[in-house]
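> My structure is below; once you've seen it, I'll send some questions.
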Amino acid sequence: MSQSSAQPAGPTGGVLIVDFGAQYCQLIARRVREMDVYSYITAPERALFMIQHMRPQAVILSGGPRSVYEHDAPALDPAILQQGVPVLGICYGLQWLAQHTGGEVTPAQSGAEYGRTELQVMDSKDLLAGTKQNGIVWMSHGDKVARLGPGFAVLAQSQPCPFAVVADRARKFYGLQFHPEVAHTEDGTTMLQNFVLRIAKCSTDWKPGNLVETKIAAVKKLVGERGEVVMGLSGGVDSSVAAVLIHRAIGKRLHCVFVDNGLLRAGEREGVEELFRDHYRMDLKVVDASERFLGELKGVTDPEQKRKIIGRVFVEVFRGERERCGNARFLGQGTLYPDVIESVAAHGGATSTIKSHHNVGGLPKDLDMTLVEPLRDLFKDEVRELGRELGLPSSLVDRQPFPGPGLAVRCLGEVTRQKLEPLRGADRIVREEVEKNGLHKGLWQYFAVYVPQKSVGVKGDARVYEDIVMLRLVSSQDAMTADWELLPTPVLKRISSRILNEVKGFSRVCLDISSKPPATIEWE
Ligand code: XMP
């Protein structure tokens, strides 16, 4: 038997989002959940099956980078239009809808639009009810609908785009050539709400806060009276919330393993021991594998190589520990919904992979265990809400994300103890100063990066030739895009002076002012 997930993807009904490879697909799903409506994403080739089995109350077709007339365009079965479900096509989704209802799509030439455009609303009866007459919308398309099929009417246009918003009201098919899900589109949320709540009349019964008891019951049912669960605990939000939930369901039959890979931040291991062993009284085994990880990383400088080694060694260490919990047939994981989507993308979906992410949950399929993944239908902010419901402290629930490969991706070049020590010291100072001044609430992440580039400095009366520490302070909604942030000058000054005085090894403190894209949040 290979690993299997015994949980259903989620309740039936809700809104099914078909992912044509859109950058913004998860944003659409979140916007829908913000309306208390369940939403889930699927690949085009699975859409018909999902509609027939999950019975969604509405379907949204996302945007995507391809052209509907390309011979290898994502394959969505047009039979989805015969299922009696309201459909909203966004950008590429609209073009797909037009093409399969008797219309025509062509390269845009003069009709290509990227960025801000003014919308001229002609008909605001349903989809555009309550929206501005000349609102700004966010376009990004190289193809255009050249002709609509029978039954469709135009609800709004923009300067170069005569079919910006269209509808076939009888069949409840709607299309937007622009992106309502991005913040730059004025009234975008209203348009989505109009479709989901007014037109499709979806049920508003999705409340992550109500989930605690349902989730606990589901874990109890899955694991049974005697089943034992083993899981890797990283101290991050996801594995912590999952562990506390599973622990509430089955108590001492949950065995947690915390692997110290030598790439942790200052105080991390102690924090996990204190909370989970002392406070929650969980069965927690701490494995110090730092020698092993650092040994395997010796001489390795390529970022992807580093990530792969850390992933592999984690699996080896975890496998050894798991064998000691011989009775455990279940594997607990803090997998989130975006991880489910990402792994679908990684196995042939339309979205491309930038870095090979390693999570504590990134375990191989041949462990011969049944997965217990109570968070696999939730987004991060929903997990945080669940964590609060479970009584986890804010210092944990609201903590900044920390990558699976730890400080290795913030220590450029070879990872050595000589570099990790000062990096840990600088990172502790950044965290202390940001948090002490309450500035963490406006930041997604705030950390230090070790840049092994020597520059000349002067300490005391002597010349020094030492490395650079880079400050990375970013705001973000979901880590897909991020902006760099400043701190008040006195705080920046204090961070700089504390690092240069308290930490040995740096002659210079710099600030990274790059947004994502084109930079990423982590440096490797
Ligand atoms: P990037 O650097 O890709 O990071 O802009 C986006 C977000 O993901 C985190 N990150 C990771 N998280 N395993 C994780 O669990 C990883 O391998 C990993 N790499 C990056 C990063 O901290 C940021 O929040």
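The values are calculated or read from the model by the stated rules, or taken from the named source; none is laboratory data. This one's a predicted model, so the numbers in the text were calculated from it and none came from an experiment. We place every Cβ from the backbone using ideal geometry, glycine too, and count neighbours over all the protein chains shown.
> Just checking, which of E316, E291, E296, E274 is at pLDDT below 95, under 23 Å from T416 (Cβ atoms) and of a type in the set (D, E)?
None of the other options fit; the residue is E316.
> Going by what's in this entry, would G438 be described as of a type in the set (G, A, S), modelled with pLDDT under 95, away from the ligand (no atom under 16 Å from the Cβ) and closer than 30 Å to L396 by Cα?
Yes: the conditions hold for G438.
> Another one. What is the one condition in (1) over 28 Å from the mean Cα position of the chain (by Cα); (2) within 24 Å of E186 (Cβ to Cβ); (3) among the hydrophobic types (A, V, I, L, M, F, W, C) that M139 does not satisfy?
That leaves (1) as the condition not met.
> Kindly provide the set of residues from region 465-498 that are β-branched (V, I, T) and closer than 20 Å to V409 by Cβ, ordered by number.
Within region 465-498, I468, V469, V474, T481 qualify.
> Next up: Select from region 505-524 the residues that are of a type outside the set (K, R) and more than 16 Å from the ligand (Cβ to nearest atom) and list them in ascending order.
Correct list: G505, F506, S507, V509, C510, L511.
> If L192 passes every condition in (1) surrounded by 21 or more Cβ atoms within 10 Å (Cβ to Cβ); (2) of a type outside the set (D, E); (3) modelled with pLDDT of 95 or more; (4) over 23 Å from A98 (Cβ atoms) but one, which one does it miss?
(4)
> So which residues in region 51-66 are modelled with pLDDT of 85 or more and either surrounded by 22 or more Cβ atoms within 10 Å (Cβ to Cβ) or part of a helix (DSSP H, G or I) (or both), if there are any at all?
I51, Q52, P56, A58, V59, I60, L61, S62, G63, G64
> Which residues, counting only those in region 405-415, are farther than 13 Å from E268 by Cβ and either within 14 Å of the ligand (Cβ to nearest atom) or out of contact with any Lys or Arg (no Cβ under 9 Å at 6 or more places or on another chain) (or both)? Step through it out loud before you land on a result.
Step one: list which residues in region 405-415 are farther than 13 Å from E268 by Cβ, which gives 405, 408-415.
Across region 405-415, the qualifying residues are P405, A408, V409, R410, C411, L412.
> Given the conditions (1) within 16 Å of the ligand (Cβ to nearest atom); (2) more than 26 Å from T489 (Cβ to Cβ); (3) surrounded by fewer than 20 Cβ atoms within 10 Å (Cβ to Cβ); (4) of a type outside the set (S, T, Y), which single one is not true for Q418?
Evaluating Q418 over (1) within 16 Å of the ligand (Cβ to nearest atom); (2) more than 26 Å from T489 (Cβ to Cβ); (3) surrounded by fewer than 20 Cβ atoms within 10 Å (Cβ to Cβ); (4) of a type outside the set (S, T, Y) leaves (1) as the failure.
> Does V315 qualify as being closer than 30 Å to E225 by Cα and β-branched (V, I, T)?
Criteria met by V315.
> Determine, yes or no, whether A462 is out of contact with any strand residue (DSSP E or B) (no Cβ under 6 Å at 6 or more places or on another chain), free of Cβ contacts under 8 Å to residues at least 24 places away in the same chain and under 19 Å from G413 (Cα atoms).
It is false that A462 is out of contact with any strand residue (DSSP E or B) (no Cβ under 6 Å at 6 or more places or on another chain), free of Cβ contacts under 8 Å to residues at least 24 places away in the same chain and under 19 Å from G413 (Cα atoms).
> OK, next. Within region 474-490, restricting attention to residues that are hydrophobic (A, V, I, L, M, F, W, C) and touching a helix residue (DSSP H, G or I) at 6+ places or on another chain (Cβ under 8 Å), which residue is surrounded by the most Cβ atoms within 10 Å (Cβ to Cβ)?
Restricting to residues being hydrophobic (A, V, I, L, M, F, W, C) and touching a helix residue (DSSP H, G or I) at 6+ places or on another chain (Cβ under 8 Å), the top hit is L487.
> Scan D283, D302, D278 and give me the residue that is surrounded by 16 or more Cβ atoms within 10 Å (Cβ to Cβ) and of a type in the set (D, E).
Working: D302 fails: surrounded by 16 or more Cβ atoms within 10 Å (Cβ to Cβ); D278 fails: surrounded by 16 or more Cβ atoms within 10 Å (Cβ to Cβ).
Checking each option against the conditions leaves just D283.
> How many residues does region 195-211 contain that are surrounded by fewer than 18 Cβ atoms within 10 Å (Cβ to Cβ) and either at pLDDT below 95 or polar (S, T, N, Q) (or both)?
6
> Taking N437 as meeting all but one of (1) touching a Pro at 6+ places or on another chain (Cβ under 8 Å); (2) surrounded by 15 or more Cβ atoms within 10 Å (Cβ to Cβ), write down the number of the exception.
With (1) touching a Pro at 6+ places or on another chain (Cβ under 8 Å); (2) surrounded by 15 or more Cβ atoms within 10 Å (Cβ to Cβ) applied to N437, the lone miss is (2).
> Next up: Just a yes or no: is a residue in region 69-80 buried (at least 17 other Cβ atoms within 10 Å of the Cβ) and modelled with pLDDT of 95 or more?
Residues of region 69-80 buried (at least 17 other Cβ atoms within 10 Å of the Cβ): 73-74, 76, 80.
This time we only want the ones that are modelled with pLDDT of 95 or more, so: 80.
Checking region 69-80: at least one residue is buried (at least 17 other Cβ atoms within 10 Å of the Cβ) and modelled with pLDDT of 95 or more.
> Hey, among T101, T106, which residue is surrounded by fewer than 23 Cβ atoms within 10 Å (Cβ to Cβ), β-branched (V, I, T) and in a loop (DSSP other than H, G, I, E, B)?
Within the list T101, T106, the selection yields T101.
> Shifting gears a bit: Search region 25-50 for residues being of a type in the set (G, A, S) and more than 14 Å from the chain's Cα centre (by Cα), and hand back the single one that is surrounded by the fewest Cβ atoms within 10 Å (Cβ to Cβ).
Per the stated criteria, the residue is A43.
> Is it the case, given these coordinates, that R376 is at pLDDT 85 or above, part of a loop (DSSP other than H, G, I, E, B) and within 16 Å of the ligand (Cβ to nearest atom)?
Numbers: at pLDDT 85 or above: yes; part of a loop (DSSP other than H, G, I, E, B): yes; within 16 Å of the ligand (Cβ to nearest atom): yes.
Against the criterion (at pLDDT 85 or above, part of a loop (DSSP other than H, G, I, E, B) and within 16 Å of the ligand (Cβ to nearest atom)), R376 qualifies.
> For region 496-513, which positions are among the small types (G, A, S) and surrounded by 15 or more Cβ atoms within 10 Å (Cβ to Cβ)?
Within region 496-513, S496, G505, S507 qualify.
> Hey, another quick one. Is it the case that F152 is more than 21 Å from R66 (Cβ to Cβ), of a type in the set (F, W, Y) and surrounded by 23 or more Cβ atoms within 10 Å (Cβ to Cβ)? Full working, then the answer.
Numbers: more than 21 Å from R66 (Cβ to Cβ): yes; of a type in the set (F, W, Y): yes; surrounded by 23 or more Cβ atoms within 10 Å (Cβ to Cβ): yes.
Yes.
> Give me the residue from region 452-478 that is of a type in the set (G, A, S) and touching a Ser or Thr at 6+ places or on another chain (Cβ under 7 Å) and, out of that set, farthest from the ligand (Cβ to nearest atom).
It comes out as G457.
> Filter region 479-499 for residues that are closer than 23 Å to G438 by Cβ and within 16 Å of the ligand (Cβ to nearest atom) and give the result.
Passing the criteria: A479, A482, D483, W484, E485.
> For E502, state whether it is in contact with a helix residue (DSSP H, G or I) (Cβ under 8 Å, 6 or more places away or on another chain) and within 16 Å of the ligand (Cβ to nearest atom).
Taking the combined requirement at face value, the residue does not satisfy it.
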